[in-house]
Amino acid sequence: MKRAKGTPDLVFTLLIFTLVLFGLVMIFSASQYTSYVQYNTVWYYFKKQLLWSVFGTIAFLLALAYDYRELRRYTGPLILIAVILCILVVFIGVEVKGAQRQLRFGWLNISPSEVLKFAIIVFLAKHFQKNYQYITDFKKGFLPVVIIMALADLLVLLQKDLGTTLAISGTIFALLMIAGARPSHLTGLGILGILGVLGAIFLEEYRRKRFIGFWYLLIGDENKLKGYEAVIYQVKQSLYAIGSGGIFGVGLGRSHQKMFYLPEQHTDFIFAIIGEELGLVGTIFVVSLFLAILYRGLKLAHRAPDVFGFFLVAGFTCMMVIPALINIAVATGVFPVTGIPLPFISYSGSSLIINMTAAGIIVNVSCYRRGRSEF
């Protein structure tokens, strides 16, 4: 094992752990009523997330200590494990929010789609390292990445998880933009992507109803909303929560919506509780942290000593920020409900550990001086 030279990027590290600690506070606040009713203690979800945070910190430190360049040797096994898990979850997975999203091994639940996201980034970083000069060539550079995206999306769609499909597609699309793909190729891919999403929505009745209800809510057509109240209930309650928070919020721990008015208040809709309890100030704080992660991550990517490190950092940064933007868009009513947790903040073990591992790799790459670059 080779030791990294230089010092880790403290700014990026501070941003990540600020989100994790803030998430612990908000999970306790958002989950205490649900926790007490379900488990007769207000600490249940907080304790579990605290445990995941410890595991995540260990994963961060291990990823920081290991030479990131060694990941190239394990690209194949990573992809193979992710694909096997994604196939298994379709047949023996635990249903979560209407989708086969988790595999249960005793007390441990694993979300294969989170593992797949991680593996895809490593795979693409290695692919770009070998084929970076062909990115403007449709057949040699662009098409292989699109095929990888399509296969990854198919694996996740088999789990009925459209939200993670969007996150993976958005991350790969962002990497293609960063790599310098032709605008015409990106435009064509974007059009195909939109058509694919619409197809996935309208082929499933529950997605179709949710989308139509969301559309009527978005345009403010109260008459046509009748009959769609159930499918837009979460969004309306989320908007009530954020709206009632005002500028400074009703106070930490004083949310009204978390008392079983807003479902998934400690997971997918925790941003709404942040808006209610901490107001506009709290929501701006969270958005600013993710924007800072995006800025700092891309800056670290450009400082990477090689192409592999560049795309690892850029990919993992996008993997953290794009789901956050989707989650916030859902909570604020500008995007249909997708079931994506808010990275580092929502109650979610697999997501937290994978993101902490990715953060450790980013900081690992930051330890290496650029020196002679491959670019």
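Coordinate-derived values only; no laboratory data. A quick note: this is a predicted structure, and the numbers were derived from the prediction, not measured. For neighbour counting, all protein chains shown are included, and Cβ atoms are generated from backbone atoms with ideal geometry for every residue, glycine included.
Brief remarks follow.
- Note on 344, 105: ascending count of other Cβ atoms within 10 Å places them as 105, 344, the fewest first.
- Taking 0.36 nm per residue of separation and subtracting the Cα-Cα distance, full extension of the segment from residue 285 to residue 177 would add 36.1 nm.
- For segment 181-311, the extents of the C-alpha atoms along the principal axes are 52, 40, 22 Å, listed from largest to smallest.
- Inter-site label distance for residue 158 and residue 73 at 7 Å from Cα along Cβ, in nm: 3.0
- Stretchable slack from residue 130 to residue 39, in nm (0.36 nm times residue separation minus alpha-carbon distance): 27.6 nm
- In percent, rounded to a whole number, the relative contact order of the chain is 28, using alpha-carbon pairs under 8 Å and six or more apart.
- In degrees, nearest ten, helix 112-131 long axis to first principal axis of the chain (Cα): 30
- Listed by Cβ neighbour count within 10 Å, with the fewest neighbours leading, 26, 149 appear as 149, 26.
- Degrees separating the helix 349-366 axis from the principal Cα axis of the chain, which is the longest one: 40
- Annotation: amide H-H contacts under 5 Å for residue 102 (H modelled 1.01 Å from N, sequence separation of 5 or more, or interchain): 94, 96.
- Loop-exposed trypsin sites (Lys or Arg not before Pro) per DSSP, neighbour cap 15 Cβ within 10 angstrom, longest uninterrupted part of the chain: 98-225
- For the chain, the mean residue ellipticity at 222 nm estimated from helices alone is -23000 deg cm²/dmol, where every DSSP H run of n ≥ 4 contributes -39500 (n - 2.57) and the total is divided by all residues, rounded to the nearest 500.
- Sorted ascending by nearby beta carbons within 10 Å, beginning with the fewest, 16, 353, 274 become 353, 16, 274.
- Using only side-chain charges placed at the Cβ, +1 for Lys and Arg and -1 for Asp and Glu, the dipole size of the chain relative to its Cα centre rounds to 980 debye.
- Extension gain for the segment residue 88 to residue 54, taken as residue separation times 0.36 nm less the Cα-Cα distance, is 9.5 nm to one decimal.
- Cα Rg, Dmax, the chain, angstrom units: 20.6, 65
- Local net charge near residue 144, Cβ-Cβ under 14 Å (Lys/Arg +1, Asp/Glu -1): +3
- Rg and Dmax over the alpha-carbon atoms of segment 1-97 stand at 18.3, 51 Å.
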